[in-house]
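In what follows, a structure is listed as structure tokens, so that the remarks can point back to it.
The values are calculated or read from the model by the stated rules, or taken from the named source; none is laboratory data. Because the structure is a prediction, the values reported are computed rather than measured. As a convention, Cβ positions derive from the backbone with ideal geometry for all residues, glycine included, and neighbour counts pool all protein chains shown. When the accessible area is computed, the model is the full protein with side chains, heavy atoms only, and any ligands, DNA or RNA have been set aside. Shrake-Rupley method; radii C 1.70, N 1.55, O 1.52, S 1.80 Å.
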Amino acid sequence: MELFLQQLLQGFKFGSIYALIALGYTMVYGVLRLINFAHGDVFMLGAMLSIFFARWTGWGTRPSWLALAGILALAMAACALIGALIERLAYRPLRNASRLSLLITAIGVSLFIENAGQLPGVFGATPRAFPSLVETRPWITWGTLTISNVEALVIGVSLALTGALHFFVQRTRIGLAMRAVAFDFRTASLMGIHVNRVIGWTFMLGSALAGAAGVLYGLSYPAIDPLSGFLPGIKAFVAAVLGGIGSIPGAFVGGIIIGEAETLTAGYLSSTYKDAIAFLILIVVLLVKPSGLLGRKVVEKV
Amino acid sequence: MLSVENVSVHYGAIHALKGVSLQVHAGEIVALIGANGTGKSSLLRAISGLTPPSEGAIVFQGTHAIHRLPPHEIVGLGIAHVPEGRAIFANFTVEENLMAGAYLRHDRLEIAEDLEWIFGIFPRLKERRRQSAATLSGGEQQMLAISRALMGRPRLLLLDEPSLGLAPIIVQSIFKTIRQINAQGATILLVEQNAHMALHAAARGYVIQTGQIVMEGPSAELLASKRVRQFYLGET
């Protein structure tokens with residue numbers, strides 16, 4: 001029983017990282033109807049750049065909560081900038097092109113980041129060690145079940161960011177503009193909404209969350225290379241589809257389910273199948289309920 | 001207030017507007033009538049920036065040449081466009097739709113006052129303010145679309161076929177509201193297939209046919225003209 005609970009806890013931790021990444025997929029899909037395949041690589045950049053930030057600031061050698069908060073803020077800001085840059089350079093010129101061109105461009109951006117990152121002058125292909133920004137300690141112990149401070153932190157930060165995003169989108173003026181743009185560009189522009197600017201903000205927000213996920217991931221998997229974003233990115237995409245693409249609560253729920261499914265598969269079946277379970281879930285969702293758990297059924301307008 | 005000068009619009013090879021000129025003066029209701037597919041909506045889309053004209057100029061308030069501006073900047077100058085088919089945000093509540101109309105405004109207190117003013121004109125919207133806009137009837141959606149445009153406090157309101165698809169009794173009440181809004185200061189350019197209703201509400205009118213203005217004048221004159229009576233009022 002304790003083992004099972006411990007597994008559930010692990011699953012929740014990884015699930016909440018997937019959830020943070022999935023939020024970016026779902027938000028960008030909401031405004032552009034684009035699966036931004038470069039999103040997983042932005043997540044990788046969040047983790048990778050944090051290694052450098054930790055080195056430059058010296059925070060990597062003196063573990064503290066403040067150091068972690070500082071790195072988290074730097075990674076989020078850097079990724080927001082990168083997200084805005086990708087949108088501006090790669091996607092905006094294609095605003096009136098077909099969705100397929102946009103999708104292929106997204107794959108191109110992803111390949112570019114992954115492969116340029118492996119160049120010796122950039123990050124190099126060998127994994128880099130993620131600094132231990134906080135020392136892992138047991139935080140709560142119930143019998144044999146222990147929650148470490150890192151686990152609590154990862155889950156807490158993810159929940160807080162998801163909650164903040166939900167509030168932002170539902171309750172603020174910019175959130176209203178995002179939802180208006182997600183509904184229809186033309187109608188939104190007739191309200192005086194600067195559509196391209198709102199799309200830029202959406203990319204910045206989603207990418208900042210991916211940056212935060214990168215830091216949280218680094219705390220658990222302390223070896224980062226330029227391809228580290230690939231699998232978590234794809235799994236987060238599955239999470240977004242499972243939750244119902246376009247839905248923010250859906251992305252969170254989807255992320256948690258993927259994390260749990262993966263951890264339980266590794267724990268009770270075989271860790272060989274760990275990475276495959278997400279794809280099995282994707283196939284089942286697409287067959288049984290393509291609109292996802294919390295997604296709205298989209299009726300194509302004729 | 002608004003001066004459309006020799007405007008042409010092309011959609012690929014289709015020449016939807018062929019050198020249209022039209023004036024709207026402050027405080028007026030002007031009707032633009034014509035059959036389906038004659039370019040009425042194209043003209044409104046050219047004014048609001050959704051389909052920029054390929055030729056000609058559009059000047060707002062004497063000084064602003066707006067025909068090269070993107071839609072959101074044109075809205076910022078005080079032109080609100082209620083598009084054909086209403087295009088309300090179906091995934092928003094009624095109140096959120098109205099707040100979207102006030103997107104460019106920052107005067108919270110006055111926005112709240114305007115909301116009450118709108119609810120005074122359309123009590124149905126107040127009853128349903130927290131309801132999803134998709135649950136409204138066609139007439140209520142039209143009221144919401146007009147109200148949403150009014151929340152931006154426009155100087156000029158462009159209305160595209162507000163009577164489309166609505167029962168006659170609803171049409172009556174929509175037009176009553178249009179006159180009421182005009183009496184409170186809004187200038188209105190009204191596009192309609194329902195020539196009878198439109199010309200009774202408007203002081204002046206234009207008749208458009210295959211992308212060109214073929215007649216213009218005071219509404220009473222147009223209503224009396226043989227051509228309008230034959231083609232648009234169904235008399236023989």
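Are any of the residues in segment B:118-137 without any contact (Cβ under 8 Å) to a residue 12 or more places away in the chain and β-branched (Val, Ile, Thr)? Step through it out loud before you land on a result.
Taking segment B:118-137 and keeping what is without any contact (Cβ under 8 Å) to a residue 12 or more places away in the chain, we get B:119-120, B:123, B:126-127, B:135, B:137.
Subsequent filtering for residues that are β-branched (Val, Ile, Thr) retains B:135.
Yes, because at least one residue in segment B:118-137 is without any contact (Cβ under 8 Å) to a residue 12 or more places away in the chain and β-branched (Val, Ile, Thr).
Assigned to a helix (DSSP H, G or I), modelled with pLDDT under 95 and open to solvent by 10 Å² or more (accessible area, probe 1.4 Å): which single residue out of A:LEU45, A:LEU5 fits that description?
On the way: A:LEU45 fails: modelled with pLDDT under 95.
One residue alone meets the criteria, A:LEU5.
Can you pull out the residues in segment B:13-67 that are more than 14 Å from chain A (Cβ to nearest Cβ) and in contact with a Lys or Arg (Cβ under 7 Å, 6 or more places away or on another chain)?
Matches in segment B:13-67: B:GLU28, B:VAL30, B:LEU32, B:GLY34.
May I ask you to verify whether A:ALA116 is outside any helix (DSSP H, G or I), surrounded by 12 or more Cβ atoms within 10 Å (Cβ to Cβ), away from chain B (no Cβ under 14 Å) and out of contact with any strand residue (DSSP E or B) (no Cβ under 9 Å at 6 or more places or on another chain)?
No; evaluated as a whole, the condition is false for this residue.
Is it true that A:VAL238 is more than 14 Å from chain B (Cβ to nearest Cβ), in contact (Cβ under 8 Å) with a residue 60 or more places away in the chain and in a helix (DSSP H, G or I)? Let's see the steps before the verdict.
On the way: more than 14 Å from chain B (Cβ to nearest Cβ): yes; in contact (Cβ under 8 Å) with a residue 60 or more places away in the chain: no; in a helix (DSSP H, G or I): yes.
Criteria not met by A:VAL238.
Which residue out of A:LEU287, A:LEU293 is open to solvent by 60 Å² or more (accessible area, probe 1.4 Å), assigned to a loop (DSSP other than H, G, I, E, B) and out of contact with any strand residue (DSSP E or B) (no Cβ under 8 Å at 6 or more places or on another chain)?
Numbers: A:LEU287 fails: assigned to a loop (DSSP other than H, G, I, E, B).
Criteria check complete, one pass: A:LEU293.
Return yes when B:VAL94 is without any contact (Cβ under 8 Å) to a residue 60 or more places away in the chain, buried (at least 21 other Cβ atoms within 10 Å of the Cβ) and not aromatic (Phe, Trp, Tyr) and no when it is not. Spell out the reasoning first.
On the way: without any contact (Cβ under 8 Å) to a residue 60 or more places away in the chain: yes; buried (at least 21 other Cβ atoms within 10 Å of the Cβ): yes; not aromatic (Phe, Trp, Tyr): yes.
Spelling it out, B:VAL94 is indeed without any contact (Cβ under 8 Å) to a residue 60 or more places away in the chain, buried (at least 21 other Cβ atoms within 10 Å of the Cβ) and not aromatic (Phe, Trp, Tyr).
Just to confirm my filter: which helices (runs of 4 or more DSSP H) fall fully inside segment B:186-235 and include at least 3 residues that are open to solvent by less than 50 Å² (accessible area, probe 1.4 Å)?
Here the list reads B:195-201, B:219-224.
Go through segment A:127-146 residue by residue and tally those that are outside any strand (DSSP E or B) and open to solvent by less than 90 Å² (accessible area, probe 1.4 Å).
Of all residues in segment A:127-146, those outside any strand (DSSP E or B) come to A:127, A:130-137, A:143-144.
Filter again for open to solvent by less than 90 Å² (accessible area, probe 1.4 Å), leaving A:127, A:130-134, A:143.
Residues flagged as outside any strand (DSSP E or B) and open to solvent by less than 90 Å² (accessible area, probe 1.4 Å) within segment A:127-146 amount to 7.
Give segment B:11-58 a look and list any residue that's in a strand (DSSP E or B), modelled with pLDDT under 95, within 22 Å of B:GLY85 (Cα to Cα) and not β-branched (Val, Ile, Thr), or say none.
B:TYR11, B:ALA16, B:LEU17
Just the residues that are polar (S, T, N, Q) and crowded, with 18+ Cβ neighbours inside 10 Å, please, taken from segment B:105-153. Outline the logic, then answer.
From segment B:105-153, those polar (S, T, N, Q) are B:131-132, B:135, B:137, B:141-142, B:147; that's our starting set.
Residues satisfying the conditions are B:GLN141, B:GLN142, B:SER147.
Give the residues of segment B:29-49 that are surrounded by fewer than 20 Cβ atoms within 10 Å (Cβ to Cβ) and touching a residue at least 24 places away in the same chain (Cβ under 8 Å), sorted by residue number.
B:ALA35, B:ASN36
Which of the residues belonging to segment A:116-173 are closer than 30 Å to B:GLU95 by Cβ and more than 23 Å from the chain's Cα centre (by Cα)? Break it down into steps so the answer makes sense when it comes.
Quick first cut of segment A:116-173, residues closer than 30 Å to B:GLU95 by Cβ only: A:159-173.
Within segment A:116-173, just A:ARG173 meets the criteria.
Being crowded, with 20+ Cβ neighbours inside 10 Å and closer than 26 Å to A:VAL253 by Cα is the filter here; which residues of segment A:180-199 pass it?
Those that are crowded, with 20+ Cβ neighbours inside 10 Å and closer than 26 Å to A:VAL253 by Cα: A:ALA180, A:VAL181, A:ALA182, A:VAL198, A:ILE199.
Against the conditions (1) open to solvent by less than 50 Å² (accessible area, probe 1.4 Å); (2) of a type in the set (S, T, N, Q); (3) within 24 Å of A:VAL150 (Cβ to Cβ), where does A:SER247 fall short? Just the number, please.
(3)
For segment B:177-236, what are the residues that are polar (S, T, N, Q) and touching a residue at least 24 places away in the same chain (Cβ under 8 Å)?
Going through segment B:177-236, the residues polar (S, T, N, Q) turn out to be B:177, B:180, B:182, B:184, B:187, B:193-194, B:209-210, B:212, B:219, B:225, B:230, B:236.
If the condition is that a residue be polar (S, T, N, Q) and touching a residue at least 24 places away in the same chain (Cβ under 8 Å), then B:THR177, B:GLN180, B:ASN182, B:THR187, B:GLN193, B:ASN194, B:GLN209, B:THR210, B:GLN212, B:SER219 are the ones that fit.
Restricting attention to segment A:147-195, report how many residues are without any contact (Cβ under 8 Å) to a residue 60 or more places away in the chain, part of a helix (DSSP H, G or I) and more than 9 Å from every other protein chain (Cβ to nearest Cβ).
13
Looking at segment A:246-265 only, could you name the residues that are polar (S, T, N, Q) and within 19 Å of A:MET27 (Cβ to Cβ)?
Matches in segment A:246-265: A:SER247 only.
Of all helices (runs of 4 or more DSSP H) completely enclosed by segment B:68-171, which ones contain at least 1 residues that are facing another protein chain (nearest Cβ under 9 Å)? Outline the logic, then answer.
Numbers: elements: B:71-77, B:94-101, B:108-121, B:123-127, B:138-150.
So the answer is B:71-77, B:94-101, B:138-150.
Among (1) closer than 30 Å to B:VAL94 by Cβ; (2) open to solvent by 10 Å² or more (accessible area, probe 1.4 Å); (3) in contact (Cβ under 8 Å) with a residue 24 or more places away in the chain, where does A:SER220 come up short?
(1)
Looking at (1) under 23 Å from A:PHE183 (Cβ atoms); (2) of a type in the set (S, T, N, Q); (3) surrounded by fewer than 21 Cβ atoms within 10 Å (Cβ to Cβ), find the lone condition where B:THR63 falls short.
Condition not satisfied by B:THR63: (1).
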